[in-house]
Amino acid sequence: MEKIIFIGICGASGVIYGIKLLKYLRSLNIKTVLSLSNNAKSIIEIETPFSVEELKNTASLYYENDDFFSPFASGSVIFDSAVIVPCSMKTIGSIASGIYSNLITRVAHISLKEGRKLILVPRETPYSLIDLKNLVILKESGACILPASPGFYGQPKTIDDIVNFIVGKILDQLGIENDLIKRWYESKIRNSQIKDL
């Protein structure tokens, strides 16, 4: 099956992770479906040099977050995976509570009930006990919880290097080969057994 990846960008700081993922998948000619929360649109303008219109045009398809007539609001439409990046704790709480009040949370629900890959990238710190309990519920329900917690063994030199680490980890979970991550065995501390495989 050809990969179709739904990307939801929520109103949390760190929208650059979703933008970078969208652009990287576009470079690989992988089909993407994008939806932006209203708060995400504002944060895109605040945190990045990109425009909302540019991102809409980067995706293969774009749907507004309140569009329940989108075909992707139905479990009968096949898509490979869904990534919510960044994923606000409001969205985490909604999905964990079974409240599907917009397209992003509806697609998350479909992913869980249909057994499709769902990757949630929270960028909150610290977590409250409520946040942690919601994340446990989602993990137990089959979601991949991938916090935006970059590693530094690759000795990043720029913010883009740090962003690439998280996007590379998302791509790993999607089963998409990438060169965004400097792997542990490629760092100064080398594991010759892995390197020689």
| query | Of Asp179, Asp161, which residue is within 21 Å of Ile9 (Cα to Cα) and among the acidic types (Asp, Glu)? | reply | Asp161
| field | Pair list, Cβ under 6 Å, 6 or more apart: the stretch 12-24 residue closer than 10 Å to Val163 by Cα, other residue modelled with pLDDT under 95 | value | Gly14/Arg123
| said: Suppose we keep only residues that are of a type in the set (Lys, Arg) and touching a strand residue (DSSP E or B) at 6+ places or on another chain (Cβ under 8 Å) within the stretch 26-83. Which one would you say is nearest to Ile4 (Cα to Cα)? | reply: Lys31
| field | Only one of Asp131, Asp160, Asp179 that is at pLDDT 95 or above and under 28 Å from Leu25 (Cα atoms) | value | Asp160
| note | Per the filter on the stretch 122-152, residues of a type in the set (Gly, Ala, Ser) and closer than 21 Å to Leu21 by Cβ are Gly142, Ala143, Ala148, Ser149, Gly151
| said: Scan the stretch 78-85 and tell me whether some residue there is assigned to a strand (DSSP E or B), on the phi < 0 side of the Ramachandran plot, among the polar types (S, T, N, Q) and touching a residue at least 12 places away in the same chain (Cβ under 8 Å). | reply: yes
| query | Restricting the stretch 143-167 to residues that are more than 11 Å from the chain's Cα centre (by Cα) and small (Gly, Ala, Ser), which is surrounded by the fewest Cβ atoms within 10 Å (Cβ to Cβ)? | reply | Ser149
| said: Going through Ile145, Ile92, Ile99, Ile119 one at a time, which residue ends up being touching an Asp or Glu at 6+ places or on another chain (Cβ under 8 Å) and more than 14 Å from Val33 (Cβ to Cβ)? | reply: Ile92
| Just one of the numbered conditions (1) under 15 Å from the mean Cα position of the chain (by Cα); (2) modelled with pLDDT of 95 or more is not true of Glu124; which one? | (2)
| When the stretch 1-51 is examined, which residues are found to be within 16 Å of Arg123 (Cα to Cα), over 15 Å from the mean Cα position of the chain (by Cα) and surrounded by fewer than 20 Cβ atoms within 10 Å (Cβ to Cβ)? | Asn39, Glu47
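The values are calculated or read from the model by the stated rules, or taken from the named source; none is laboratory data. Just so you know, these numbers come straight off a predicted model, no measurement behind them. Note that we place each Cβ from the backbone using ideal geometry, even for glycine, and neighbour counts take in every protein chain shown.
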